[in-house]
Amino acid sequence: MLDDTPANRLYLQLVETALEDSIVTDDEAAILRILASTLGVLPSDTAYCLSIARGEESNPFDHDRDFDMEMGAVSTYQSALIAALDDEIITEDEWALLDHLRRMLSIQPDQHAMIEEAIHAMAEVDEQGQRRIERLQRFLTVCPL
């Protein structure tokens, strides 16, 4: 049984988003792994969420109840965005997952700007920094806030 926590609810919704096209790409899987770690979702719960999203298990959560992800929302979104930026391209599936995550976490434009600044600051000391910035600019063009 899956505990009814904000982290599990959020993770399940993201897994459902990733599986909308019936396939979890390597890029989506990487983001989901990072988010599970960031959110503190147990490995057994990630597998259970995958089973729920595939329709193999029933969803234990009340869909009408909102959840509160105030704590760590910005760092969770930042971790997912960096994970997407660190491979060669941001796929449409990754864009959809990141956009869904941003909306679920209610990331505001000023928070996104803060995340952008942090990514730019990291680029100065990171060997992949320049490519990450280029991909960030493409992401912001496709998914403006």
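The values are calculated or read from the model by the stated rules, or taken from the named source; none is laboratory data. This structure is a prediction, so every number in the text was calculated from the model and none was measured.
Below are the figures for this structure:
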quantity	calculated
Any chance Ile115 is assigned to a loop (DSSP other than H, G, I, E, B) and modelled with pLDDT of 75 or more	no
Leu42 vs. criteria under 23 Å from Ile82 (Cα atoms) and at pLDDT 90 or above	yes
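Results for (1) at pLDDT 90 or above; (2) of a type in the set (Phe, Trp, Tyr); (3) within 10 Å of the chain's Cα centre (by Cα), shown as yes or no for each residue.
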residue: Glu16; (1), (2), (3): yes, no, no
residue: Glu20; (1), (2), (3): no, no, no
residue: Ala30; (1), (2), (3): no, no, yes
residue: Ala47; (1), (2), (3): yes, no, no
residue: Ser51; (1), (2), (3): yes, no, no
